[in-house]
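Worksheet: the structure to be examined is printed underneath.
Read the figures in this text as sums done on the coordinates, not as results from a lab. In this text the structure is predicted, and so the values were computed from the model without any measurement. Here the Cβ positions follow ideal geometry from the backbone for every residue, glycine too, while neighbour counts run over all protein chains shown.
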Amino acid sequence: MENFEYKSASCRTIFGNGTINKLPDILEQQDLSCPLLLSTAQQVDQLNQLKNILGGKIAGTYSKAVMHTPRETTIEAVAIAKDLKADCVVSIGGGSTIGLGKTISFRTGLPHICIPTTYAGSDQTPILGETEDGLKVTISDPKILPGIVIYDADLILSLPSEMSATSGLNAIAHARAPLEGIKSLVSSLPDIVADPSSRSARSLSFYGSWLCGICLGNVGMALHHKLCHTLGGSFNLPHAETHAIVLPHALAYTAPMIPEIMKKLGSVFPEGAAIDGLNALQRRLRVKKALKDYGLREEDIDTAVTITLSKPYWNPRKVQKDALKEVIRRCWAGEDAR
Ligand code: NAD
């Protein structure tokens, strides 16, 4: 992929290898000089890389971002941002760290510069998912969208191939219309699993996840996301891995009501059909297919059905209790979608 910049009314995206080095200039252009840098505990090396690029000119660091944006973490991080008198937050990481940056920015009004390192696409959406007392809720507000996003494809080289596969499938879950995004991921993810250091495949996959993220930011969510939010928020299942398992099943459930879309989607897969294509892609990417492998118990299925139906999202095919239970059971057991 060529380097490029894309500016919409509310978000500027800077795409290309090595673009992380533009951060000092970007901060200066915005008159910002005191950033709080955010990461997970696993990405402290990348956080330190950022600190070096900024020549140590930062308010401080917070490296305790975790998945599903729990309320306790948010409260602690907001207090630290205020204590350190940060004038902006810079998040470097996947959706977990970006989610933390979004919630701090939303609560404090501090600008948020976002440096994604997975394919989650959260950087392109005005959506924030937060978890409290075992329930994950989402809010949507234009102020949640980060102002500047830096897609440096060199930063994604370190994403382990298993996570690349599940996170890439997570990105495909976001794209309904832009076939280009799905096509880029379907063709590049198997190359990444074969060779995680391939810069060309990484760049193409990051481009695909960016397109899919833009799509997620502009559409409503339906059964797939409702199910994944329930499984993540109430059973603490890992985000990308859960999306990677649920995607073909949620799509198969909805497929009878969206024949034209299914036809277009099918054209992107070598199998010529979307459900067969996704089942095959899961195998090619060697992702786990069963939620029970991530700790969901068979007796949790009924609770998951109840929570999913308690505040349902709109879906092209109405979500019926027994059919939903069968969808979750198949995901739990690791069966192919059909
Ligand atoms: P993540 O951010 O939790 O990352 C998973 C693990 O991989 C972490 O340990 C992380 O530090 C590590 N990692 C990330 N990038 C790496 C890299 N390049 N090299 C090495 N290690 C790396 O996982 P995720 O799937 O990106 O994000 C999940 C979270 O994002 C969930 O909380 C989900 O709800 C949220 N999300 C929100 C939106 C939205 O629009 N609001 C969209 C997608 C995901």
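Would you please state which residues of the stretch 257-276 a label at TRP314 would reach in this model, taking the label point 7 Å out along Cα→Cβ and a backbone N cut-off of under 18 Å? The answer is 257-259, 261, whose backbone nitrogens lie closer than 18 Å to the label point. The phi torsions of the stretch 247-257, fed into the Karplus equation with coefficients 6.51, -1.76 and 1.60 and a -60° offset, translate into couplings of 3, x, 6, 5, 5, 4, 5, 7, 3, x, 8 Hz, rounded to whole numbers, with Gly and Pro shown as x. Once the Cα atoms are used to define both axes, helix 179-194 deviates from the longest principal axis of the chain by about 80 degrees. Over all Cα atoms in the chain, the spread is summed up by Rg and Dmax: 19.3, 58 Å. Farthest towards the positive end of the charge dipole of the chain, among the residues PRO24, ASN315, ILE301, is the Cα of ASN315, using unit charges on the Cβ of Lys, Arg, Asp and Glu. Applied to the stretch 18-25, the Karplus parametrisation 6.51 cos²θ - 1.76 cosθ + 1.60 on θ = phi - 60° returns per-residue 3J(HN,Hα) values of x, 5, 4, 5, 7, 4, x, 5 Hz, with x for Gly and Pro. For the peptides 297-305, 207-215, 243-251, 66-74, the ranking by mean Cβ contacts within 10 Å, running from highest to lowest, is 243-251, 207-215, 66-74, 297-305. Note on ALA273 and GLU298: the model spin-label points, each 7 Å out from Cα along the C-beta direction, lie 2.9 nm apart. Among THR138, THR230, THR242, the largest mean-square fluctuation in a Gaussian network model of the chain, built with springs joining Cα atoms closer than 10 Å, belongs to THR138.
The H on the amide N of THR61, modeled in the peptide plane, is under 5 Å from the matching H of LEU37, each at least 5 residues off or on a different chain. A cut-off of 5 Å between modelled amide H atoms, ignoring neighbours fewer than 5 places along the same chain, links CYS88 with CYS34, LEU36.
The amide H of LEU237, built 1.01 Å from its N in the peptide plane, has GLY232 as neighbours under 5 Å, considering only residues 5 or more places off or on other chains.
Taking 29 Å as the limit for the C-alpha separation, the pairs LYS183/LYS226; LYS183/LYS321; LYS143/LYS288; LYS64/LYS292 exceed it in the case of LYS183/LYS321; LYS143/LYS288. Compared with the dominant principal axis of the Cα atoms in the chain, helix 71-83 is inclined by about 10°.
With θ taken as phi - 60° and the Karplus curve 6.51 cos²θ - 1.76 cosθ + 1.60 applied, the whole-hertz 3J(HN,Hα) list for the stretch 314-327 is 4, 9, x, 10, 3, 8, 9, 4, 5, 5, 5, 4, 5, 4 Hz, x standing for glycine and proline.
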